[in-house]
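I have placed the structure first, in the form of structure tokens, so that the comments after it can refer back to it.
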Amino acid sequence: MDISRLRSQWQQIHGDETCAAVVEQHFVQPLLSVLGFGDRDRLSCFDTGAGIADVAARFPRENQPPFCQTQVDPDLIVEIKTPARRSRNTPTQTVALNLDSRSAHQNRALQQLRQLLRGCHCQRTAWGLITNARHLQLFQRHGHLVYPATPNYELTGDRLEGIVEDLKTCLRSRPRAIILCIYNHKGGVGKTTTAINLGATLAVANATVLLIDCDPQGDLSRALELTPTNTTLASCLQNPEQGIAHTIRPFDLRIRTSSSIQSAHIFDVIPAAPDLQSILIQAMQTQNPPITRLRECLLPLRDRYDYILIDCPSAWLFLSKSAVYASDAVLIPTRHTDLSSLDNAAQVIDQFLFNEIHTFRREGGPLPLPIFFNGAPTTDKAMAVAQAEIERILQKLPHLTPYFWPQYQANDTSVFAIPEYAIISRAAFARVPAVFKDKRVLGFYQTLVQTYLQPLTAPHDLT
């Protein structure tokens, strides 16, 4: 089917009272055909194992039966919403549903899509799409995370062709890496410690990891005893023609055996250099600094790694903005003893991400992840003050509830916590990630990975 037939079919959808079946027949199925999904590789009412997806599709594969026979691991699932719903107050009237990127309807649809993608029949499914024939947005899945891959398009006849080409480009070129920024607008909450130990935990689980020290203070680089190469991150930001691959240094762990000392590669690092401070000063003197540059620089590295983790300074200036803009998701550490870190976390999500970066990037990214506590006590009493502060924040900003209490719908107001453990802070002086100093610490961060990112695979044997 060509674009003209897709446009003709889509134009047959009239009025707000159109049902989901009509949207599927006159828009979703023709769209999937144009995108390259054959008739036998599309299924309606697909059982994901965690609910029923409206439509699922898989690209044809050589020497494999069509998707209608296998009925497992589609490439894409589609969640269809109708353009309108019945008014609760006046059942004879309809209310137009708004699926733009900031609407409650879009948020509920996205939560439903995330649930469906976690089903046992979608373990390898990479894409999810939400549409009501008025808006359309494609989402990418990486482990537990589902985040925007395209803007939330408003569908018009003259834009259909360009939207289809954008979708084809995304579906053909899924990046391997997810870029994760560790950020809070408050210092001393353990951003660098989190970046190092999270990276090491992912590496133990067979993931390839790159850490980027985007902080002029260079705490991450010092903690790993790594110095910059002749090509620095700052020089790449100033001159995109310089290859960012030349900034990378390996971090290897020395392992003592009965007969020798061996070296095991853990992850790669882009260390900080003194010229990061100068580029920050230059950006502060420039009215419109190009915060898009880091995201552009990282494009060649997205197929080399599974995870790219960025440690950045606390101040909401050029480097932090660049790191957040470049990311697919933002992990926000806080401390239960530092109430301002909770207020700052709310500011990061509500002002910096929702009102600034999301507007700039247009597609609703990056995805803010729920906060977590670094160095939390093991007693409930010690957490009561922090929970009271969270309640105060959410009274003012109730739309942030899922980012502080992700299980609130199940009446669970717990916050994930890395327990207080002295060896975590002491490990920085040993120039070794704490997860390699104590198995309990490794367990803490493995739980963090399983909660926020994905189930862990079999670990490397580093003994």
task = Check every one of the helices (runs of 4 or more DSSP H) wholly within region 174-275 and list those with 2 or more residues that are within 24 Å of K437 (Cα to Cα) and either in contact with a His (Cβ under 8 Å, 6 or more places away or on another chain) or of a type outside the set (A, V, I, L, M, F, W, C) (or both).
result = 191-204, 219-223
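Condition first: among the polar types (S, T, N, Q) and either more than 19 Å from D75 (Cβ to Cβ) or surrounded by fewer than 22 Cβ atoms within 10 Å (Cβ to Cβ) (or both). Now tell me which residues in region 107-161 satisfy that.
Hits for region 107-161 are N107, Q111, Q112, Q115, Q123, N132, Q140, T150, N152, T156.
Condition first: crowded, with 21+ Cβ neighbours inside 10 Å and aliphatic (A, V, I, L, M). Now tell me which residues in region 227-247 satisfy that.
The initial filter retains those residues of region 227-247 that are crowded, with 21+ Cβ neighbours inside 10 Å, namely 228, 232-234, 236-237, 244, 247.
L233, A234, L237, I244, listed by residue number.
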task = Find the residue count for region 370-392, including only residues that are modelled with pLDDT of 85 or more and more than 24 Å from the chain's Cα centre (by Cα).
result = 8
ask   = Taking region 162-175 only, how many residues are within 23 Å of S8 (Cα to Cα), open to solvent by less than 40 Å² (accessible area, probe 1.4 Å) and under 21 Å from the mean Cα position of the chain (by Cα)?
value = 1
request  = Could you tell me which numbered condition R222 fails, if it satisfies all but one of (1) in contact (Cβ under 8 Å) with a residue 24 or more places away in the chain; (2) over 21 Å from F37 (Cα atoms)?
outcome  = (1)
note = Flagged in region 44-56 as over 25 Å from the mean Cα position of the chain (by Cα) and crowded, with 18+ Cβ neighbours inside 10 Å, in numbering order, are F46
Filtered residues of region 57-75 (kept if crowded, with 23+ Cβ neighbours inside 10 Å and either in contact with a strand residue (DSSP E or B) (Cβ under 7 Å, 6 or more places away or on another chain) or assigned to a strand (DSSP E or B) (or both)) = A57, F67, P74
ask   = Does T401 fit the bill of being assigned to a loop (DSSP other than H, G, I, E, B) and touching a Phe, Trp or Tyr at 6+ places or on another chain (Cβ under 8 Å)?
value = no
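Counting only residues that are in contact (Cβ under 8 Å) with a residue 40 or more places away in the chain and farther than 18 Å from A57 by Cα, give me the strands (runs of 3 or more DSSP E) lying completely in region 103-153 with at least 3 of them. Full working, then the answer.
Working: elements: 127-131, 135-142, 145-148.
Filter on region 103-153 gives 145-148.
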task = State all residues of region 330-344 that are under 24 Å from V449 (Cα atoms), out of contact with any Leu (no Cβ under 9 Å at 6 or more places or on another chain) and among the aliphatic types (A, V, I, L, M); if no residue qualifies, say none.
result = L342
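The values are calculated or read from the model by the stated rules, or taken from the named source; none is laboratory data. In this text, all values refer to a predicted model and were calculated from it rather than measured experimentally. Methodologically, a virtual Cβ is constructed for each residue, glycine included, from the backbone with ideal geometry; neighbour enumeration extends over all protein chains shown. These accessible areas exclude ligands, DNA and RNA; they are computed on the full protein's heavy atoms, side chains included. Shrake-Rupley method; radii C 1.70, N 1.55, O 1.52, S 1.80 Å.
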